[in-house]
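The values are calculated or read from the model by the stated rules, or taken from the named source; none is laboratory data. Just so we're clear, the structure is a prediction, and the values are computed from it rather than from any experiment. Here the Cβ positions follow ideal geometry from the backbone for every residue, glycine too, while neighbour counts run over all protein chains shown. For the accessible areas, the whole protein counts, side chains as well, though only heavy atoms, and no ligand, DNA or RNA atoms are used. Shrake-Rupley method; radii C 1.70, N 1.55, O 1.52, S 1.80 Å.
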Amino acid sequence: EERRPCRWAYLHLLGYREAWDLQRTLVEERAQGRSDDSLLLLEHPPTYTLGRRGRESDLLLPRRELERRGAAVYDVDRGGEVTYHGPGQLVGYPIVDLRGWSAPLRYVRTLEVVLAKTLADFGIRAGRKEGLTGVWAEDRKIAAIGVRISRGITSHGFALNVNSDLTWFEHIIPCGIHGGQ
């Protein structure tokens, strides 16, 4: 396969809204051919996002209560259901032109492979679970994936739990999966 340049940036702790706005700008630039593929790496303050298949019932506390506890809550345009983003979690937003790829699912599976290989470099055995999206270490989900593809350009991406406060996950049914998170 042809290798293309990919610029990247580590943005440290960045609010979800600011990162989402930046993604939209980069998607537009990429769609118009004014930029190369990009990868944004960052962390978010405590944030819950509901993807296109997310249901209010997957929030186990009312939005106001989650916000009172210090978390932002957003309805977003990515695939998937509900997830949490926060400090100690490496979030990656690839802005990639997929117009030469065969299928969107191939892109998601490629993200899973890249994450599993990266974890292997750190001595963590991880991989896919049949019928589910994301990356699993033993029976625990270590990375969530939720993407949007518009005009052949990706946005949103993955969230890898590195040193996350997992108690935030107790307030949701993450990715629509009961238990095993």
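Table for the structure above
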{"item": "Near pairs, Cβ below 7 angstrom, 6+ apart or cross-chain, from segment 35-64 (of a type in the set (Lys, Arg)) to any residue that is open to solvent by less than 50 Å² (accessible area, probe 1.4 Å) and in a strand (DSSP E or B)", "result": "Arg63/Val73"}
{"item": "Residues within segment 61-82 that are within 24 Å of Val162 (Cβ to Cβ) and open to solvent by 10 Å² or more (accessible area, probe 1.4 Å), tallied", "result": "10"}
{"item": "Hits in segment 150-160 (condition: touching a Phe, Trp or Tyr at 6+ places or on another chain (Cβ under 9 Å) and surrounded by 19 or more Cβ atoms within 10 Å (Cβ to Cβ))", "result": "Thr154, Ser155, His156, Gly157, Phe158, Ala159"}
{"item": "So Leu59, is it under 17 Å from Gly15 (Cβ atoms) and in contact with a Phe, Trp or Tyr (Cβ under 9 Å, 6 or more places away or on another chain)", "result": "no"}
{"item": "Enumeration of residues in segment 85-142 that are under 24 Å from Trp20 (Cα atoms), assigned to a helix (DSSP H, G or I) and not hydroxyl-bearing (Ser, Thr, Tyr)", "result": "Pro104, Leu105, Arg106, Val108, Arg109, Leu111, Glu112, Val114, Leu115"}
